[in-house]
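Engineer: Take this structure, written in structure tokens, and hold onto it; I'll ask about it next.
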Amino acid sequence: MKYILVTGGQCGTILKSCVLHVTREVDLGHWIYQSVINKERRGDYLGKTVQVVPHITDAIQEWVVKQAKVPVDDDDVEPQVCVIELGGTVGDIESMPFIEAFRQFQFKVKRENFCNIHVSLIPQPSATGEQKTKPTQNSVRELRGLGLSPDLIMCRCSTALETSVKEKISMFCHVEPEQVICVHDVSSIYRVPLLLEDQGVVGYLSRRLNMPIEARPRKMLTKWKEMSDRSDRLLEQCSIALVGKYTKFSDSYASVIKALEHSALAISHKLEVKYIDSAYLEPSTLQEEPVKYHEAWQKLCSADGVLVPGGFGVRGTEGKIHAISWARNQKKPFLGVCLGMQLAVCEFARNTLGWKDANSTEFDPESKHPVVIDMPEHNPGQMGGTMRLGKRRTIFKTSNSVLRRLYGDAEYVDERHRHRFELHELQMNSVAKTILVLCSDHPYFVGVQYHPEFTSRPIKPSPPYLGLLLAAAGKLPSYLQKGCRLSPRDTYSDRSGSSTPDSEISELKLPSISNE
């Protein structure tokens, strides 16, 4: 097993821009401390004082090794490379146990199996335009003082690094010039992998970790370049109204936004997301803040499609229901995700079946028509650790649904879940039959319980989101008529019938790696 540790405050942006294949992400923090507490209570430490070193640091290392061996696909093959992101500023007290753990870890797995990539910001004040290297020098010195020496220094900067600046970083940070990589601002995040490829990052990692990759032209890289070029010259635009409760921070809906971007790119459209606070759509806002009320409804009515994402708590739920009702009645393409799907069922039951009190037990435990209930395995008295998390199978019960066709006429799909409440099976018998009849002439009215984290990729967009963008752009009927294939100009996309990212990655020839 080879380990690549990425340190620095902006490492997440670079890593996520380079993910072409299915990955797993594990948040160590909670589990590490909980495991140490459990061991102490079992008496594993024989009454010794529990300390950060060695107990917490050992637990971190054990967890990394354990998780690194878990297959990322359904092929049950153990991964050959584990990429670990250690974000935050080097020297922060929160990350110190992890820094120390990886300092020890590099000696356990040997140098030839451990590579450290450090991401650092190169500020460039507008007053002088000079690229400043002092922050990088200080962070590298701090990192080396803590026992980790970077093998590659990724320099985040607004413009390409000057040769003299690169040589200066090389001299004062104790690395070769080829180990200083420039990651400057580019037209889109999809150009970052091409930027790294041009600077020989793959070749360096191949030599550093003794993983010779067969050097030959790769279709995948060509596709990626075609996609990046197209993203810079998109002319047609498609707008999606995102009706949520946390719209002040777009990162709250990061996976949803990325899935929309991937889908818009696949159909050669520029995406415009109109963020709408669902509370502003409620009648009470009309009385208290009429300007915000009318602005919110204007955004909603002018959008080409509507997406209602997940969320928690009762605030703003009635506004989401108003948006769903409008999208259904006006035949505006709609996608509900998690809570959005649950509220779509509530809206339909209220306004079509006449169940005026239809609701989720999360918001109204006394409802006579609880169409959404807490899961049997969920404990309402405790919020922590009670979600249904991870992959779960969804079986299609109809043979001609639009969503099933978007998935390539599959009998079932495995997608990632993250929720505490689900549809009431008995109540849904009546709702489902009526929805199928009354929504059959709707251009796109779809709800899903699952989320698109790590399943939607730039060259392989998530089908529910691709369907929403196709419907919003008026292209869904022709797409379905062509057997769910895009036009020839979209040949970079996996949905076009060309070779898939999975097959391209499987063609890469990697040597077998022993566990020694």
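Engineer: Please report, as a whole percent, how much of the solvent-accessible surface of region 52-198 comes from carbon and sulfur atoms (probe radius 1.4 Å).
Structural biologist: Values: 3960 of 7350 Å².
Here it works out to 54 percent.
Engineer: Now for a separate question. Can you tell me the relative contact order of region 241-292? Whole percent, Cα pairs under 8 Å, sequence separation 6 or more. Intermediate values should be presented prior to the final figure.
Structural biologist: Numbers: 34 pairs, mean separation 24.4, N = 52.
Reported as a whole number, the value is 47 percent.
Engineer: Okay, next question. Normalised by the number of residues in region 3-227, what is the relative contact order in percent for Cα pairs under 8 Å and 6+ residues apart? Don't jump to the answer; show the numbers that get you there.
Structural biologist: Numbers: 270 pairs, mean separation 48.7, N = 225.
Across region 3-227, relative contact order equals 22 percent.
Engineer: Taking 0.36 nm per residue of sequence separation and subtracting the Cα-Cα distance, how much length would be gained by fully extending the chain between VAL50 and GLU288, in nm to one decimal? Spell out each step's value before the answer.
Structural biologist: Details: separation 238, 0.36 × 238 = 85.68 nm, distance 5.50 nm.
So the extension gain works out to 80.2 nm.
Engineer: So, one more: Expressed as a rounded percentage, what relative contact order does region 37-163 have, with Cα pairs under 8 Å and six or more residues apart? Kindly include the intermediate steps, with their values, before the conclusion.
Structural biologist: On the way: 105 pairs, mean separation 27.0, N = 127.
Computed over region 37-163, the figure is 21 percent.
Engineer: Additional query: Going 7 Å from the Cα of SER401 along its beta-carbon direction, which residues of region 441-472 have the amide nitrogen within less than 18 Å of the resulting point?
Structural biologist: Only 441-452, 462-469, 471 pass the distance filter.
Engineer: Run the quick spin-label model on GLU142 and ASP441: label points 7 Å from Cα toward the beta carbon, then report their separation in nm to one decimal.
Structural biologist: Those two pseudo-labels are separated by 6.4 nm.
Engineer: Follow-up. If amide hydrogens are placed 1.01 Å from N in the peptide plane, which non-local residues have theirs closer than 5 Å to the one on TYR275?
Structural biologist: Distant-sequence amide H within range of TYR275: LEU242.
Engineer: Here is a follow-up. Sorted by mean Cβ packing within 10 Å, highest first, what order do the peptides 392-403, 49-60, 147-158, 301-312 take?
Structural biologist: Numbers: 392-403: 12.6, 49-60: 15.4, 147-158: 20.0, 301-312: 21.7.
Sorting 392-403, 49-60, 147-158, 301-312 by mean packing, highest first, produces 301-312, 147-158, 49-60, 392-403.
Engineer: A further question on this structure: List every residue whose amide H lies under 5 Å from the amide H of ALA473, counting only residues 5 or more places away in sequence or on a different chain, with H placed 1.01 Å from N in the peptide plane.
Structural biologist: Answer set, sorted by chain and number: none.
Engineer: Okay, next question. Work out how much length LYS356 to SER250 would gain on full extension: take 0.36 nm times their residue separation and subtract the Cα-Cα distance, in nm to one decimal. If you can, show how the numbers build up before the last one.
Structural biologist: Working: separation 106, 0.36 × 106 = 38.16 nm, distance 3.32 nm.
Length difference between fully extended and current span is 34.8 nm.
Engineer: Averaged per residue, what accessible area in Å² does region 134-194 show with a 1.4 Å probe, protein chains only?
Structural biologist: Values: 2880 Å² over 61 residues.
Roughly 47 Å² per residue, with all protein chains present.
Engineer: Report the full-extension gain for the segment ASP414 to ILE213: residue separation times 0.36 nm, less the Cα-Cα distance, to one decimal in nm. Intermediate values should be presented prior to the final figure.
Structural biologist: Numbers: separation 201, 0.36 × 201 = 72.36 nm, distance 3.12 nm.
My answer for the length gained is 69.2 nm.
Engineer: If amide H atoms are built 1.01 Å from N in the plane of the peptide, which residues on other chains or at least 5 residues away come under 5 Å of the amide H of THR247?
Structural biologist: none
Engineer: Separate question: Looking at the P(r) of region 138-198, how many percent of alpha-carbon pairs lie beyond 12 Å? Walk me through the intermediate numbers first.
Structural biologist: Working: 1268 of 1830 pairs.
Of the Cα pairs, 69 percent sit more than 12 Å apart.
Engineer: Same structure, new question: For LYS258, tell me the accessible area in Å² from a 1.4 Å probe, rounded to the nearest 10.
Structural biologist: Taking all protein chains as shown, LYS258 has close to 80 Å².
Engineer: Could you tell me which of rounded, prolate or oblate describes region 3-227, using a ≥ b ≥ c as the square roots of the eigenvalues of the alpha-carbon gyration tensor, with rounded for a/c under 1.5 and, failing that, prolate when a/b is larger than b/c and oblate otherwise? Walk me through the numbers before you get to the answer.
Structural biologist: Details: a/c = 2.11, a/b = 1.39, b/c = 1.52.
The shape class here is oblate.
Engineer: Hey, rough spin-label estimate for GLN330 and VAL65, points 7 angstrom out along Cα→Cβ, what's it come to in nanometres?
Structural biologist: Placing both labels 7 Å beyond Cα along the Cβ direction yields 5.9 nm.
Engineer: Return the FRET efficiency for the residue pair ARG103, GLN481: r is the Cβ-Cβ distance, R0 is 45 Å, and the value is rounded to the nearest 0.05.
Structural biologist: Working: r = 59 Å, r/R0 = 1.32.
Computed FRET efficiency for ARG103 and GLN481 comes out at 0.15.
Engineer: Right, something else. Just to check I understand the Karplus step: with θ = phi - 60° and J = 6.51 cos²θ - 1.76 cosθ + 1.60, what whole-Hz values come out for region 258-273, glycine and proline as x?
Structural biologist: After applying 6.51 cos²θ - 1.76 cosθ + 1.60, I find 4, 5, 5, 4, 4, 5, 5, 5, 5, 9, 6, 10, 8, 8, 10, 9 Hz.
Engineer: Run the reach check for LYS356 against lysines, Cα to Cα strictly under 19 Å, same-chain hits fewer than 8 apart removed. What comes back?
Structural biologist: List returned: LYS320, LYS368, LYS433.
Engineer: My understanding is that a pair violates if its Cα-Cα distance is over 26 Å; which of LYS274/LYS460; LYS391/LYS482; LYS69/LYS110; LYS66/LYS110; LYS69/LYS225; LYS274/LYS475 do that in this structure?
Structural biologist: Numbers: LYS274/LYS460 24 Å; LYS391/LYS482 30 Å; LYS69/LYS110 17 Å; LYS66/LYS110 17 Å; LYS69/LYS225 32 Å; LYS274/LYS475 21 Å.
With Cα atoms farther than 26 Å apart: LYS391/LYS482; LYS69/LYS225.
The values are calculated or read from the model by the stated rules, or taken from the named source; none is laboratory data. This structure is a prediction, so every number in the text was calculated from the model and none was measured. Reconstructed Cβ throughout: ideal geometry from the backbone, glycine too, with neighbour counts over all protein chains shown. Please note that ligands, DNA and RNA were not included when accessible areas were found on the heavy atoms of the full protein model with its side chains. Shrake-Rupley method; radii C 1.70, N 1.55, O 1.52, S 1.80 Å.
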